[in-house]
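The next block holds one structure in the form of structure tokens; read it before the comments.
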Amino acid sequence: MTTEEHRGIRSYKEDRERYAGFYALSQQSENPEIRVAGRLAKFVSEARDTILTAHEEGRPFVNNNYCTAPEITEAMDIPWLMLYEAPFMAVSVEGLSDQIDETGAMGLGTDLCTAIRSSIYYVEKDLVPVPSAVIGFIFPCDGMPMLHQVIKHSKTWGHIPMFCPDPPYFNDDRSIDYFANELKKMTAFLEKETGAKLDMDRLREVVEESDRQYLLWQEYNELRRAVPCPHGYGLGGPMCFAVSQMFKVGHKDGTEWFQNLVDLTEEKVEKGIGAVEKEKIRLFWFDIMPSGFIFEFMPWLEEEFGAVVVMDMFGNHPYTTIDTSDEQEIWRGLAKRGLFDTPMVRQAMGPAEGFVDDLVRIVKDYQIDVVVWPGHMGHKETQGTFGIMREACRELGVPFMDIRMDIFDRRYTTPDQIKDKFARFFAGIGVG
Amino acid sequence: MSEPASRDVDDAPPGQSFDLHIAEVARLVEELGAAGRPTRVWHARGEADALLEKLPMRVGPGAHSGLILRKDVFAELGSPDAGSCPLLLWTRRSELIEDGRITLVGPGLQESEGASLPFGQVVMVGGEALDKGDQSALELKQFVANQIEGYMIRRAPGRLWSRVGREIAGKGFDFEALGAALIAIFKGELPKIRTMQVLFVTSGREDVERLGEIAEEASLIGAELAKEAWRAKGFDPAACSVSHDCGSCSEQQDCDDIREVVLLRRQAKRAAQSAKKAKRAEG
């Protein structure tokens, strides 16, 4: 075992304790919503513990991704981590800007998506435990294959066997069949590299539990249609994603978390209680939330303007349940979910028409007042679809606000610049 | 309803009209009726305002919050377990559509308290002035977000999954009212529509799936029309952004390969559709 590997394990141990601490603190709150949100910290801590336990016991663990059927690794009982989560989790620790600067010192171009740069940084600096096998995630953008090229050249990760399911471009039936077959190949790879076997009955159970989570997520999302919206940026959307696709995929305690969330929210909606005292503007944040400075920026939006993020890219729910009566349909369902439904992939890969429909439905269903187009610097495809989305908003008669920012790096477009832009925009459309 | 002479009408490009699908839907209704499925027909003719006066619920923007809580549900339509199929067909030959006709194949709402019914909804509209630019707007209008009191459309791409509230059901809300509301909304918002009829199928998952086969075929035309509409607005994702001659372009080989693949895929898709259709005709 190398020193660098120790660093990754040490980092996970610190995470485990830190998130357990967040959880304990949250459970002291009298506010049930804080307690529900806090359970996510417990899930993260448990996920870290699963990897650490596997490491200590000398059992294999792998890298998998939210969009390459994590249900399969769960059903095979293989502990898994997601390298790509690193930059998102890093926002909860200090020194994010320093990490980003160091990626520059490593020679990575500043025009490369910060999430990918940071993931590379985590590999090169050995900040993530080294898995026994890697399921690659080479879509939806050009940057993702680059991350995997770096992995193959890494001193500590380079020797790890890797399988990258090949994603077809189009979103039709033939593509689903193709990707379903890729997932079968992926399973064979996992069986070979870890010795675990996939039991289809167990996969069926995981998928059905996962479906229960998705149905509850849909129920919850529909509650966000209420005026005023019961929750803003602080609870819901991205958390639902994290529970169902990262930390509690097909787990009963994830389902219970969703059930609690729905119960609490129904109560709030019935009482007509909103996220803010006086909701004035309902926003659709058409990208990842500004992770790097979310706690500085979002409360300002809510307090200053009564502007509530009612829906966002990760909170969007286009998911359908999977037909578990037939084995092939299970594979196809998982393929569809990973390839067409999961966030970022849904928006960035394939023809833009599908997501125009999402945009239009979201604006109508959630009574959106303003569509915010953050234009994260790494999401190059947003430059290509920008005009189509703006046109769709014009037709709907809903204002469309273009920012252009780095959701991680506060120095790219600073929070103050963004605040200024919002203030002028809201004044311009007569709601500020 | 008169039979269309051919798939293509007026100046619509080949394969870009739904006339044959409209006829297929009519045939399916006849077949289901002949197979003993209970069928009811109502008529809701006249101006949108007049139609709305007779309804037990409010209709129009903001008539509903867009939300019905679980405990307030009278019935669910088109859940993933039960099966669902939304279908929107339009034609310039308005005489193909019997104006105001609302057809229900299967059980009605009032006798379905607590049920989760399969749900097929076909909206067919006719109007000489309709054109491909209306495709997206028409398709979207099927999903009335907050315009019918006590009726909520759930978010599920590719399907129509809805809830009927207990309170509105108590006031007599049924498929006749839903059909009339849809007619009023469509005609009120798109004056180009001259004739319109609505079909609901609740008789079983298999029946809804048969409707799904027609919808699948129609969706190819719908997608093509939507693409054309975007092109007409100046957004062509397939357009070349390199402004020099193809002959001297380093990307030419890639472009040619992509075109070839797209062509092959289209041919394969059409062949699969034809095979499916032939199989159905044999069966």
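The values are calculated or read from the model by the stated rules, or taken from the named source; none is laboratory data. What you see is a predicted model, and the numbers here were worked out from it, not measured in a lab. Note that each Cβ is placed from the backbone with ideal geometry, even for glycine, and that neighbours are counted across all protein chains shown.
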Exercise for review: Can you work out which of the residues in region B:23-47 that are part of a strand (DSSP E or B) and among the hydrophobic types (A, V, I, L, M, F, W, C) is farthest from B:ILE193 (Cα to Cα)?
Suggested key: B:VAL41
Exercise for review: Look through region A:178-235, keep the residues that are within 12 Å of another protein chain (Cβ to nearest Cβ) and over 25 Å from the mean Cα position of the chain (by Cα), and return whichever of them is surrounded by the fewest Cβ atoms within 10 Å (Cβ to Cβ).
Suggested key: A:VAL227
Exercise for review: Look at B:GLY212 and say whether it is over 18 Å from A:LEU359 (Cβ atoms), more than 11 Å from every other protein chain (Cβ to nearest Cβ), small (Gly, Ala, Ser) and assigned to a loop (DSSP other than H, G, I, E, B).
Suggested key: no
Practice item. Quickly run through region A:404-421 and pick out the residues that are within 16 Å of A:TRP300 (Cβ to Cβ) and surrounded by fewer than 15 Cβ atoms within 10 Å (Cβ to Cβ). Key: A:THR414, A:ASP416, A:GLN417, A:ASP420
Check your understanding: For residues in region B:73-82 being among the small types (Gly, Ala, Ser) and more than 10 Å from chain A (Cβ to nearest Cβ), which is nearest to the chain's Cα centre (by Cα)?
Key -> B:GLY78
Point to revise | Test: residue in region B:64-72 that is away from chain A (no Cβ under 14 Å), among the β-branched types (Val, Ile, Thr), in contact with a helix residue (DSSP H, G or I) (Cβ under 9 Å, 6 or more places away or on another chain) and surrounded by 16 or more Cβ atoms within 10 Å (Cβ to Cβ) | key: no
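B:VAL201: assigned by TED's automatic domain parsing to the domain that holds B:GLU31, farther than 17 Å from B:GLU139 by Cα, touching a helix residue (DSSP H, G or I) at 6+ places or on another chain (Cβ under 7 Å) and not aromatic (Phe, Trp, Tyr), yes or no?
yes
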Check your understanding: Considering A:PHE258, A:PHE241, which residue is in a helix (DSSP H, G or I) and away from chain B (no Cβ under 14 Å)?
Key -> A:PHE241
Review point. Which of the following residues is at positive phi, touching a Lys or Arg at 6+ places or on another chain (Cβ under 9 Å) and small (Gly, Ala, Ser): A:GLY274, A:GLY236, A:GLY315, A:GLY254?
Key: A:GLY236
Revision key, fill the gap. Subset of region A:349-372, residues in contact (Cβ under 8 Å) with a residue 60 or more places away in the chain and among the β-branched types (Val, Ile, Thr), comes to A:ILE362, A:VAL363, A:ILE368, A:VAL370, A:VAL371, A:VAL372
Exercise for review: Would you point out which residue out of A:GLU267, A:GLU353 is over 15 Å from the mean Cα position of the chain (by Cα), within 14 Å of chain B (Cβ to nearest Cβ) and modelled with pLDDT of 95 or more?
Suggested key: A:GLU267
Review point. Hey, does region B:237-260 have a residue that's within 14 Å of chain A (Cβ to nearest Cβ), surrounded by fewer than 15 Cβ atoms within 10 Å (Cβ to Cβ) and of a type in the set (Ser, Thr, Tyr)?
Key: yes
Point to revise | Pairs with Cβ under 8 Å, 6+ apart, first in region A:15-29 and in the same structural domain as A:PHE247 (by TED's automatic domain parsing) and assigned to a helix (DSSP H, G or I), second surrounded by 13 or more Cβ atoms within 10 Å (Cβ to Cβ) and among the charged types (D, E, K, R) | key: none
Point to revise | When residues of region A:285-326 are limited to those that are assigned to a loop (DSSP other than H, G, I, E, B) and polar (S, T, N, Q), the one nearest to A:VAL356 (Cα to Cα) | key: A:ASN316
Review point. Taking the condition among the acidic types (Asp, Glu), within 14 Å of chain A (Cβ to nearest Cβ), surrounded by fewer than 23 Cβ atoms within 10 Å (Cβ to Cβ) and part of a helix (DSSP H, G or I), does B:GLU206 pass?
Key: no
**Study point:** Unique match (being assigned by TED's automatic domain parsing to the domain that holds A:PRO165, under 23 Å from A:LEU339 (Cα atoms) and either surrounded by 20 or more Cβ atoms within 10 Å (Cβ to Cβ) or of a type outside the set (Lys, Arg) (or both)) among A:GLU56, A:GLU85, A:GLU46
**Key:** A:GLU85
Exercise for review: Please state which of the following conditions A:ILE294 fails to meet, knowing it meets all the rest: (1) under 21 Å from A:ILE407 (Cα atoms); (2) crowded, with 20+ Cβ neighbours inside 10 Å; (3) aliphatic (A, V, I, L, M).
Suggested key: (2)
Practice item. Enumerate the pairs (first residue in region A:92-119 and assigned by TED's automatic domain parsing to the domain that holds A:HIS376; second residue anywhere and exposed (fewer than 11 other Cβ atoms within 10 Å of the Cβ) and modelled with pLDDT of 90 or more) with beta-carbon separation below 9 Å, excluding pairs fewer than 6 apart on the same chain, so at least 6 apart or on different chains. Key: none
